1. Would you check which residues across the range B:62-81 are surrounded by fewer than 20 Cβ atoms within 10 Å (Cβ to Cβ) and touching a residue at least 24 places away in the same chain (Cβ under 8 Å) and list them?
2. Just the residues that are within 9 Å of chain A (Cβ to nearest Cβ), crowded, with 23+ Cβ neighbours inside 10 Å and among the hydroxyl-bearing types (Ser, Thr, Tyr), please, taken from the range B:82-112.
3. Is there a residue in the range A:74-90 that is more than 8 Å from chain B (Cβ to nearest Cβ), farther than 29 Å from B:ALA85 by Cα and in a strand (DSSP E or B)?
4. Which ones in the range B:42-81 are out of contact with any Gly (no Cβ under 9 Å at 6 or more places or on another chain) and not in a strand (DSSP E or B)?
5. How many residues does the range B:94-112 hold that are in contact with an Asp or Glu (Cβ under 9 Å, 6 or more places away or on another chain), among the β-branched types (Val, Ile, Thr) and modelled with pLDDT of 80 or more?
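The values are calculated or read from the model by the stated rules, or taken from the named source; none is laboratory data. If you're wondering where the values come from, they're calculated on a predicted model, not measured in any experiment. All Cβ positions, even for glycine, are placed from backbone atoms using ideal geometry, and neighbour counts span all protein chains on display.
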Amino acid sequence: NAGVTQTPKFQVLKTGQSMTLQCAQDMNHNSMYWYRQDPGMGLRLIYYSASEGTTDKGEVPNGYNVSRLNKREFSLRLESAAPSQTSVYFCASSEGASGGARDTQYFGPGTRLTVL
Amino acid sequence: GEDVEQSLFLSVREGDSSVINCTYTDSSSTYLYWYKQEPGAGLQLLTYIFSNMDMKQDQRLTVLLNKKDKHLSLRIADTQTGDSAIYFCAESKPSNTGKLIFGQGTTLQVKP
């Protein structure tokens with residue numbers, strides 16, 4: 001069981017370039033999430049997918065798009081990267097979206113993105 | 001409101017107890033969580049407590065919940081240098097989204 005995996009681990013982009021961050025989970029979880037982490041700001045939710053086939057905006061969705069490719073995979077796309085998107089990006093998954101213990105989220109190791 | 005607040009930094013000596021505090025604003029929260037983040041790594045679930053409980057103990061970790069004051073704390077007994085990390089509290093609410101609201105994180109520094 002690998003849990004939640006993310007690729008790549010590190011990435012440097014130039015302003016205006018595009019890229020897709022990949023996330024996969026092997027725990028048969030229904031819900032998946034993308035966060036960004038910036039110093040002193042904790043974790044901020046970008047987008048989430050409560051179940052396969054659905055996606056919703058989180059707290060900071062501007063400049064990002066997501067795709068829930070299937071139950072296992074949830075990708076995050078930056079169409080035109082900006083220096084303000086320099087951050088560490090974390091993917092997470094949870095068993096179910098029910099407001100209970102099934103909301104416990106399990107995190108990937110993160111992608112460190114720098115936009116020059 | 002959806003604010004979860006934590007102090008940003010705590011420094012303790014090895015062997016002492018550490019107490020990390022968290023306040024939240026939403027009384028409808030159902031579960032409250034503590035996560036640990038070591039340098040360069042993702043968040044690791046430490047423990048969680050259901051909102052109708054006052055206390056939960058797991059080896060060196062003790063979670064206390066004061067629902068009236070909306071205050072959550074994590075006590076680490078006999079703190080070790082390996083406990084140095086950022087600790088996040090988070091709350092979940094009755095919903096069908098599974099979203100968690102995270103605090104800013106408390107950096108725990110353990111001095112030898």
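1. Hits for the range B:62-81 are B:LYS67, B:ASP69, B:LYS70, B:HIS71, B:SER73, B:ARG75, B:ALA77, B:ASP78, B:GLN80, B:THR81.
2. B:SER92
3. Yes, because at least one residue in the range A:74-90 is more than 8 Å from chain B (Cβ to nearest Cβ), farther than 29 Å from B:ALA85 by Cα and in a strand (DSSP E or B).
4. B:SER51, B:ASN52, B:MET53, B:ASP54, B:GLN59, B:ARG60, B:LYS67, B:LYS68, B:ASP69, B:LYS70, B:ALA77, B:THR81
5. 2
For every residue, the table says whether it meets (1) in contact (Cβ under 8 Å) with a residue 60 or more places away in the chain; (2) under 24 Å from A:TYR33 (Cα atoms); (3) surrounded by fewer than 20 Cβ atoms within 10 Å (Cβ to Cβ); (4) within 11 Å of chain A (Cβ to nearest Cβ).
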| position | (1), (2), (3), (4) |
| --- | --- |
| B:VAL4 | yes, yes, no, yes |
| B:SER7 | yes, no, yes, no |
| B:ASP16 | yes, no, yes, no |
| B:TYR24 | yes, yes, no, no |
| B:THR30 | yes, yes, yes, yes |
| B:GLY40 | no, yes, yes, yes |
| B:GLN44 | no, yes, yes, yes |
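Table: residues versus (1) of a type outside the set (Asp, Glu); (2) closer than 21 Å to A:MET41 by Cα; (3) touching a Ser or Thr at 6+ places or on another chain (Cβ under 8 Å).
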{"site": "B:ASP3", "(1), (2), (3)": "no, yes, yes"}
{"site": "B:CYS22", "(1), (2), (3)": "yes, yes, yes"}
{"site": "B:SER28", "(1), (2), (3)": "yes, no, no"}
{"site": "B:GLY40", "(1), (2), (3)": "yes, yes, no"}
{"site": "B:ILE76", "(1), (2), (3)": "yes, no, yes"}
